[in-house]
Amino acid sequence: MLELTENNLNKNIIKLSIPLIIENILHMTVFISDTIMVVCLGTAAIAAVGLSSTIFFIISIVFSSLNIGSASIIARHVGAKEIGSAQLIAAQSIALSFFLGVFVSPFFVLFARKLLVFMSAEPVVVDLGVGYLQIVCGFLVFRLIMLACSGILRGAGDTKTSMKVTLVVNILNILFNWLLIFGIGPFPKLGVFGVGCATVIAYMVGTGLLLAKLFTKGSVMMISMKQITRLHLESFKRIIRISIPAAIDTFLTQMGFLFFTKVVAILGTVPLAAHEIALRIESVSFMPGFALAVSTATLVGQSLGAKNINLALLSMKRCCYFALGLMGFFALIFLFFPLQITGLFQPEDKVHSLAAFCLMISAIEQPALAVYMVYAGGLRGAGDTVSPMIVAIVGTLCLHVPLAYLFGITLQWGLAGVWFGAVIDWIIRAIAMYLLYKRGRWRRVMV
């Protein structure tokens, strides 16, 4: 648990954020290592793993967003020293993730090929990616429970446990990638399908470790199997009420991202491979912003639970300063060393130069992303999931996808035009989110 005061605010931001930054870099390293380890299988394999993992990431994030409300409620209860109520919400959050995973997995396994075809992937990419997508979606329940457990611990102010577990997940993923892609020793040579199998094994172990932490006697957020299996209708309703706008927000954002990727796929396999490489690299820069957004949500939620609105305001402002500094640093790296960074993936020459140019464009949007992420996280931590949803609706339907198609396809600017459209979208979203924060609806939300 955190001891929150204005004097120790910077210390708490660092305490929460550093493990989150490391954890999220490790999460993205799972996807980056997948891409690097299939480079030797060719450009089509890079595109297949990149596109399939993107679809899986979107699916898992959309459905796990139904637990955003639980993290906010848990933070409020912890701030108010109501630990029993926080534990009850935590148990119901895990139950919700289990039911969602079991219910939706069969649909994505069944329609995996159609999803890849819908994304305008070329036939060779579809054939390589379908097995990967089916295996990871078949075991989606473990990914959802793992994300729910991480959210529970973060709401309570514990970010170190998830970081340690993610490190284990990362090591296992790389190990089994090596064994199953190339058929080392007694293991079969599975190629792209082996990447999916390695991901599943790693997530299963990670889920088990996080559940073990929550079941451990003496843990702040200790829960029991009885609490998970017994439906508490009032808690369920609270989670759903706060989470639905957040789920709509996430769904629209990710659907926008999916159509964004579809526009890229229309351009061909080389632009798609370059896009996936640039995106994997840029995603590392998201990690400080995302970590500080989650930290902001925890700090704001616990501050409001303790009836200290001034501390909630200060938390958002300080976290934004940290995010701007860190993501501004990444912007400079992307701007001045794009060829060196993209060269780590050892792509073909055409893919290399195109990925590097996209990385330079992405440097422009880093400050806007920092502002957007932190203030959206602060509003969600306060229980105001409606304001970020409004920004997501307008941004996705009116900016993200239309601008990508306009610049990339209609004006024939290619992949660079698609990325330039994204820059405009994020700048406008950042301005809108800050204005909604100043409006102050989040101060009056009841969770």
_For the range 321-333, give me each residue that is of a type outside the set (Ser, Thr, Tyr) and surrounded by fewer than 23 Cβ atoms within 10 Å (Cβ to Cβ)._
Phe322, Leu324, Gly325, Leu326, Gly328, Phe329, Phe330, Ala331, Leu332, Ile333
*asked:* Just to be sure before I move on: is Lys160 open to solvent by 40 Å² or more (accessible area, probe 1.4 Å), touching a Pro at 6+ places or on another chain (Cβ under 7 Å) and farther than 17 Å from Asp34 by Cβ in the structure I sent?
replied: yes
*What residue, of Gly69, Gly101, Gly129, Gly138, is modelled with pLDDT under 85 and open to solvent by less than 40 Å² (accessible area, probe 1.4 Å)?*
Gly69
*Where residues in the range 305-320 are touching a residue at least 24 places away in the same chain (Cβ under 8 Å) and within 16 Å of Ala430 (Cβ to Cβ), which of them is surrounded by the most Cβ atoms within 10 Å (Cβ to Cβ)?*
Cys319
_Quick check on the range 107-125: of everything there that is under 17 Å from Gly194 (Cα atoms) and open to solvent by less than 10 Å² (accessible area, probe 1.4 Å), which residue is modelled with the lowest pLDDT?_
Val125
*Any chance you could count how many residues in the range 20-66 are open to solvent by 10 Å² or more (accessible area, probe 1.4 Å), within 16 Å of Ala293 (Cα to Cα) and modelled with pLDDT of 80 or more?*
3
*Considering the range 264-274 alone, what residues qualify as being surrounded by fewer than 22 Cβ atoms within 10 Å (Cβ to Cβ) and either in contact with a Ser or Thr (Cβ under 7 Å, 6 or more places away or on another chain) or farther than 12 Å from Met119 by Cα (or both)?*
Ala265, Ile266, Thr269, Val270
*The lone exception for Asn8 - which of (1) surrounded by 24 or more Cβ atoms within 10 Å (Cβ to Cβ); (2) free of Cβ contacts under 8 Å to residues at least 12 places away in the same chain it fails*: (1)
*Which listed residue, of Ala392, Ala363, Ala370, Ala430, is of a type in the set (Gly, Ala, Ser), within 24 Å of Ser295 (Cα to Cα) and in contact with a Cys (Cβ under 8 Å, 6 or more places away or on another chain)*: Ala370
*State which residue is nearest to Leu335 (Cα to Cα) when the search covers only the range 366-395 and only residues that are of a type in the set (Ser, Thr, Tyr) and open to solvent by 10 Å² or more (accessible area, probe 1.4 Å).*
Tyr372
_Tally, over the range 356-396, of residues that are over 21 Å from the mean Cα position of the chain (by Cα) and modelled with pLDDT under 90_ = 0
*asked:* So, in the range 231-263, exactly how many residues are open to solvent by 10 Å² or more (accessible area, probe 1.4 Å) and hydroxyl-bearing (Ser, Thr, Tyr)?
replied: 2
*asked:* Please go through the range 157-185 and give me each residue that is among the basic types (Lys, Arg) and either closer than 28 Å to Leu128 by Cα or in contact (Cβ under 8 Å) with a residue 60 or more places away in the chain (or both), ordered by number.
replied: Lys160
*Kindly indicate which of Ala75, Ala95 is closer than 22 Å to Phe215 by Cα, at pLDDT below 90, part of a helix (DSSP H, G or I) and under 23 Å from the mean Cα position of the chain (by Cα).*
Ala75
*helices (runs of 4 or more DSSP H) completely within the range 317-413 that count 3 or more residues being of a type in the set (S, T, N, Q) and on the phi < 0 side of the Ramachandran plot*: 349-381
_What's the number of the only condition in (1) farther than 20 Å from Ser53 by Cβ; (2) open to solvent by 50 Å² or more (accessible area, probe 1.4 Å); (3) touching a residue at least 12 places away in the same chain (Cβ under 8 Å) that Pro188 fails to meet?_
(3)
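The values are calculated or read from the model by the stated rules, or taken from the named source; none is laboratory data. Bear in mind that the values here come from a model prediction, so they are computed numbers and not experimental data. No Cβ is skipped: glycine too gets one built from the backbone with ideal geometry, and neighbour counts run over all protein chains shown. What goes into the accessible areas is simple: the full protein's heavy atoms, side chains included, and nothing from ligands, DNA or RNA. Shrake-Rupley method; radii C 1.70, N 1.55, O 1.52, S 1.80 Å.
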